[in-house]
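Student: Got a structure for you, written out below as structure tokens; questions coming shortly.
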Amino acid sequence: MNKRVRIGWVCCLLALALAAGPSQAADKVFKWKGESCFGIASPLGKHTIVLWKKYAEEMSGGRLQLTLHDAGEIVPPTKIYDAVRDGMLDFGLNTPAWQKGKYPAGDLFYTLPGGVLEMNDLIVWMYGAGGKQLAQEMYGDELVVFPLGLTPPEEVWSKKPIKTLADIKGLKIRAAGLSMDLFEKLGASVVLLAGGEVVPGLQRGLIDAAEMLEASYDMSLGLHEVCKYRFGPPVHMSNNIFQLIIKTKSWKELPADLQAVVEKAALAATIQGYADFWQDTIAANKKIEAYGTVTTKLSKEDQAKTREITMQIIEEKSAKDPFFKKVWESQKKFIQEFRPYYDFTKFD
């Protein structure tokens, strides 16, 4: 073979390689393994990470193959963050409540006690005013994080009627997040228990009140069977919003279009899951009422008092932790700019 022919063949092979390269990259399948921090058959699983998995696989045209393990199958739910960070898992559903020792500001990415940051505020701040960027800044390069999963407003259960804030004094109550500080300032003794331990705790007298979630999840636990009373509004926390966390290396290996799929599937699952979650909540609330549960609501004055106490708690924590302060200043600035027009446009 003469030199000219050899050069011709080399050029042809290079051309074929260049032509095939993008197609092969587009056809590459990425297989990820992950775990939920909540049971995948529960409302907290099926309306969050299960829905995200479905959307991400559909939107990727099969280029993302996601194996989702149930809570506790690989690591305990409280260790999913560590498992993703350390490379054991590619992704997971997480709640920042379990990293509050390391990241105190994680508590601010829920909705705050006292109605300081309600669902509408939270969503607009999170997606439009820098909230999700601050969440990523909080974790740095340890992993990649996106909001995933939003719950309807919560309720608080008790074995005795709660009609005023004064009735909370002396309660032994299960709580989490910043609501722990709120209930303590209201004179309650706070106990942190996992979901599966709440009903046994109520039965044994370890606690005599509990906040967990909304009506459908609370009913699935059987709270209506051990507590005759519940009260609202959710002065401890309006909603929960959770996190899709992804191993940094796995994220960087994805092409840009699949990164977009992963992120936008999380947004779609959060909004659709919230709407679906509400359907379960509505149905469960009717059953709870029919069961004979006594429901009471705190006065406007008591609600305002919880907001005042919450502001004190947040300012105290801001003075101790610079990043907590940074997130709170972002939220506070947003509320000041958001509320005037929102209050003008809403019906009284």
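Rule-based calculations on the coordinates, nothing more; no lab input. Keep in mind the model is a prediction, meaning the values are calculated, not measured. Cβ atoms come from the backbone with ideal geometry, glycine included; neighbour counts cover every protein chain shown.
Student: Out of the helices (runs of 4 or more DSSP H) lying entirely within the range 190-242, which hold 3 or more residues that are surrounded by 17 or more Cβ atoms within 10 Å (Cβ to Cβ) and within 18 Å of the chain's Cα centre (by Cα)?
Tutor: Helices (runs of 4 or more DSSP H) meeting the threshold: 215-221.
Student: Taking the range 152-200, which residues are free of Cβ contacts under 8 Å to residues at least 40 places away in the same chain and among the basic types (K, R)?
Tutor: Correct list: K169, K172, R174.
Student: For the subset of the range 321-338 comprising residues that are touching a residue at least 12 places away in the same chain (Cβ under 8 Å), of a type outside the set (S, T, N, Q) and outside any loop (DSSP other than H, G, I, E, B), which member is nearest to A105 (Cα to Cα)?
Tutor: Restricting to residues being touching a residue at least 12 places away in the same chain (Cβ under 8 Å), of a type outside the set (S, T, N, Q) and outside any loop (DSSP other than H, G, I, E, B), the top hit is F324.
Student: Would a scan of the range 141-157 turn up a residue that is in a helix (DSSP H, G or I) and on the phi < 0 side of the Ramachandran plot?
Tutor: Checking the range 141-157: not a single residue is in a helix (DSSP H, G or I) and on the phi < 0 side of the Ramachandran plot.
Student: Criterion first (crowded, with 16+ Cβ neighbours inside 10 Å, in contact (Cβ under 8 Å) with a residue 40 or more places away in the chain, under 22 Å from I168 (Cα atoms) and touching an Asp or Glu at 6+ places or on another chain (Cβ under 7 Å)) does I313 satisfy it?
Tutor: yes
Student: Could I ask something else about it? For the range 64-123, which residues satisfy the criterion of being in a helix (DSSP H, G or I), within 21 Å of Q336 (Cα to Cα) and aromatic (F, W, Y)?
Tutor: Passing the criteria: only F109.
Student: Next question. Go through the residues of the range 127-139 one by one and say whether even a single one is within 25 Å of the chain's Cα centre (by Cα) and assigned to a loop (DSSP other than H, G, I, E, B).
Tutor: yes
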